[in-house]
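Inspection log for the structure reproduced underneath, given as structure tokens.
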Amino acid sequence: MSSQSQTKLFSQYHLGQIHLEHRLVMPPLTRLRSNPDDSPSDMMVTHYGQRASKGGLIIIEAATVSKKGIGYQGMPGIYEDRHIAGFERIADAIHAKGGFAFAQIIHTGRTSHVDLQPNGESPLAPSATSYHGHAFLNGEFVPVSPAREITVAEILEVVEDFRQAALRARLAGLDGVEIHSANGYLLDQFLQDGSNHRTDAYGGSIENRARFLLEVAKAVVSVWGPGRVGVRIGPSGTFNEMSDSNPEALFGYVAEQLNGLDLAYLHVIEPRVAGDVTRENAEADEVVASKFLRGIYKGTLLAAGGFNRESAEEILRSGDADLVAIGRLFTSNPDLPERLKNGYPLNDYDRSAFWGGTERSYTDFLPYQAEAAVTEAELVTV
Ligand SMILES: Cc1cc2nc3c(=O)[nH]c(=O)nc-3n(C[C@H](O)[C@H](O)[C@H](O)COP(=O)(O)O)c2cc1C
């Protein structure tokens, strides 16, 4: 047997309604390069097309479900019908290479700034607690504005916003959507008791704190049907000042409840990464969240957070996950599946170009073969 036929990472997988040729997924990576009207830009279409692979899944970066859900200027919107065309172009670029595309949908909640909000209003949060996070405005990260407690009527509006965003994603010809309930954005803010101090039906008990996410998930599944919706969670993630007094009980309950929804997958971020930063020496940390949830969640588990080729193989072999997402390396290696499959060298990522900017370090990374050809041509000229 060749080494390739022994790999789990490059083996096929039936994901809901989709047939994947390999198990390496590009996770959502917000790059803040949308057009000023929040529609996806031409360079985004190019960027995603470059990263598509035959039978590979790309989860497009977080798109906001409403104007109030924007925490970072430059993130795409999916809150009006005029946004559909841009997502259609991204879907086409990914499909043209035989890939599949899900859109991640988000409300950033308290992670925002009054200057990003309609009429300069305060950002929305489960509770008006003080929080020292950062929004992105005029090309830089700035401290968030104090948030105000969202009302129950507004919660129901957000559920409807998610439903309509899911519908737009469907009209754009995407293959599914992922609900962002991780990394300290609105749905995660409700889940965890460090940020949710409510005393109504959406706060207090675990059942109450999970209510919002489950209502959103049901609304989105009502649009897409079985096997087309993913949910992303980050148990014990600390990014955006998240904390919970009993994460095992909380996320165990969430996973158990999601069993009933016939999702495409549950996407789990291992706590060894906090948002976009790996904790020191964390690559060596054991995967804990996927292992724990594997015992509870009955469907497909997609694991993310600090994986490389070896640890991706390892978690797939151990059976603790079915699919693995590798994020930062996808920014600088558009052909990451090919590179990992063939053992080609990897480009380092350019953190200075992660958020906002131009084509530089965005669409100018080449596939390995093209890179090698350029180097050869340079050698010939010398
Ligand atoms: C530039 C950048 C943008 C990100 N944007 C998102 C996002 O839009 N939605 C999300 O759920 N996670 C986002 N993340 C987190 C990644 O999806 C992923 O979980 C994280 O990078 C850890 O995986 P890695 O160690 O393979 O990079 C982002 C991370 C980075 C570095």
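The values are calculated or read from the model by the stated rules, or taken from the named source; none is laboratory data. For clarity, every value in this text was computed on a predicted model and none was experimentally measured. Glycine also receives a Cβ, built like all others from the backbone with ideal geometry; neighbour counts cover every protein chain displayed. Keep in mind that these areas ignore ligands, DNA and RNA; they rest on the heavy atoms of the full protein, side chains included. Shrake-Rupley method; radii C 1.70, N 1.55, O 1.52, S 1.80 Å.
Averaged per residue, what accessible surface does the chain expose to a 1.4 Å probe, in Å²?
39 Å²
Counting other Cβ atoms within 10 Å, which trypsin sites (Lys or Arg not before Pro) in the stretch 91-161 have at most 16 and lie in a DSSP loop?
For trypsin sites (Lys or Arg not before Pro) across the stretch 91-161 that sit outside H, G, I, E and B with at most 16 neighbouring Cβ atoms in 10 Å, the list reads Lys97.
Under a no-solvent Debye model with one identical scatterer per Cα of the chain, what's log10 I(q)/I(0) at q = 0.10, 0.12 Å⁻¹?
Per q value, in the given order, log10 I(q)/I(0) is -0.59, -0.87.
When ranked by the protection proxy of mean other Cβ atoms within 10 Å per residue, highest first, what sequence do the peptides 21-28, 250-257 form? Don't jump to the answer; show the numbers that get you there.
Values: 21-28: 23.6, 250-257: 20.0.
For the peptides 21-28, 250-257, the packing ranking is 21-28, 250-257.
Relative contact order for the chain: what percent, with Cα pairs under 8 Å and sequence separation of 6 or more?
Rounded, it is 16 percent for the chain.
Per DSSP H run of n ≥ 4, the term is -39500 (n - 2.57); total these for the chain, divide by its residue number, and report the mean residue ellipticity at 222 nm rounded to 500 deg cm²/dmol.
Computed mean residue ellipticity for the chain: -9500 deg cm²/dmol.
Would you mind working out the magnitude of the charge dipole of the stretch 96-217 relative to its Cα centre, with +1 at each Lys and Arg C-beta and -1 at each Asp and Glu C-beta, to the nearest 20 Debye?
Value, rounded to 20: 260 debye.
Can you give the local net charge around Asn246? Use residues other than it whose beta-carbon is closer than 14 angstrom to its beta-carbon, Lys and Arg +1, Asp and Glu -1.
-3
In degrees, nearest 10, range 0 to 90: what is the angle between the Cα axis of helix 42-51 and the longest Cα principal axis of the chain?
Orientation of helix 42-51: about 60 degrees from the principal axis.
Would you kindly derive the ³J(HN,Hα) couplings of the stretch 35-40 from the backbone phi angles with the Karplus curve 6.51 cos²θ - 1.76 cosθ + 1.60 (θ = phi - 60°), listing them in order in whole Hz, with x for Gly and Pro?
Per-residue couplings from phi come out as 5, x, 8, 6, 8, x Hz.
Nearest 10 degrees, 0 to 90: what angle lies between the long axis of helix 368-381 and the longest principal axis of the chain (Cα atoms)?
So the helix axis and the longest Cα principal axis differ by about 50 degrees.
For Lys68, list the aspartates and glutamates whose Cα falls under 18 Å from its own Cα; do not include residues on the same chain fewer than 8 positions away.
The qualifying aspartates and glutamates are Asp37, Asp38, Glu80, Asp81, Asp115, Glu121, Glu149, Glu154, Glu157, Glu160, Asp161, Asp188.
Name the long-range amide H neighbours of Glu178: under 5 Å, sequence gap of 5 or more, or other chain; modelled H, no Pro or chain starts.
Sorted by chain and number, the residues that satisfy this are Ala103, Gln104, Ile105, Gly230.
Once neighbouring chains are kept in place and the probe is 1.4 Å, which whole percent of the accessible area of the chain is contributed by carbon and sulfur?
51 percent
Mind checking which lysines have their C-alpha under 19 Å from Lys341, skipping anything on the same chain fewer than 8 residues away?
Lys8, Lys54, Lys97
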